[in-house]
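Comments concern the structure below.
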């Protein structure tokens, strides 16, 4: 490929989630020519007992149709399928927040009927509302502390919504040291794909903060707002809340800058 087709050639980008959690971001960055340093700022701690997940699945399956289950992360898919199995979702319409979440469902034997084109809670709500929510019963297995916008929008459209926190996101103990090592080796930009990654980045760097001159690029306005609330300076926000939009914003942000 030519340099023109590799707009991020020579760039080193910090990704703050695991490859599996990042909805294909690492692959997209590689395709654009970037080298990628993955320093996960989120680790998952299950907080719902398997039998509690099984019970919620059974209650949802017994509700009058239409019955929905909506997944806002691949982590939620793994925990629900691990506890209840894919057959427990039989008879439910399934919604996924993005392609990695959809892929996790498909690999487990559960095909989503709705996949949000914008990979955040707002995008998922919009996609589900287009399918019609009046009279629906919706089960939302989510992370503890997840924003309530999705449930509120579905309820406003006439759905009965059961929000079940099933896991907690925490910062890995090694994250601060790994971040400092990455910055010492040189980083051209940081990508943030959730409020949790933003808050943990600020917490990990402490009083030192993010090195000056390293731009922070966020996947959407929600993430950017939470990053700013955590005291971070955001240089760019994806025009659409998707991996494609994030890479486009990152490319535009870095193009005028000299290589490090």
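The values are calculated or read from the model by the stated rules, or taken from the named source; none is laboratory data. All of these numbers come straight from a predicted model, not from anything done at the bench. Methodologically, a virtual Cβ is constructed for each residue, glycine included, from the backbone with ideal geometry; neighbour enumeration extends over all protein chains shown.
Here are some notes:
- The set of residues in the range 131-159 that are part of a loop (DSSP other than H, G, I, E, B) and under 15 Å from the mean Cα position of the chain (by Cα) comprises 144, 145, 146, 147.
- Enumeration of residues in the range 1-44 that are assigned to a helix (DSSP H, G or I) and at pLDDT 80 or above: 25, 26, 27, 28, 29, 30, 31
- Filter pass, residue 175 being surrounded by 14 or more Cβ atoms within 10 Å (Cβ to Cβ) and touching a residue at least 40 places away in the same chain (Cβ under 8 Å): yes
Okay, residues lined up against (1) over 27 Å from residue 69 (Cα atoms); (2) in contact with a helix residue (DSSP H, G or I) (Cβ under 7 Å, 6 or more places away or on another chain); (3) not assigned by TED's automatic domain parsing to the domain that holds residue 54:
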position	(1), (2), (3)
130	no, no, no
133	no, yes, no
165	no, no, no
186	yes, no, yes
204	yes, yes, yes
218	yes, yes, yes
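- When residues of the range 45-57 are limited to those that are in contact with a strand residue (DSSP E or B) (Cβ under 6 Å, 6 or more places away or on another chain) and loosely packed, with under 15 Cβ neighbours inside 10 Å, the one modelled with the lowest pLDDT: 45
- Test: residue in the range 211-223 that is more than 28 Å from residue 10 (Cβ to Cβ), surrounded by fewer than 21 Cβ atoms within 10 Å (Cβ to Cβ), free of Cβ contacts under 8 Å to residues at least 24 places away in the same chain and within 21 Å of the chain's Cα centre (by Cα): yes
- Selection from the range 110-130 of residues that are touching a residue at least 40 places away in the same chain (Cβ under 8 Å) and assigned to a helix (DSSP H, G or I): 121, 122, 123, 124, 128
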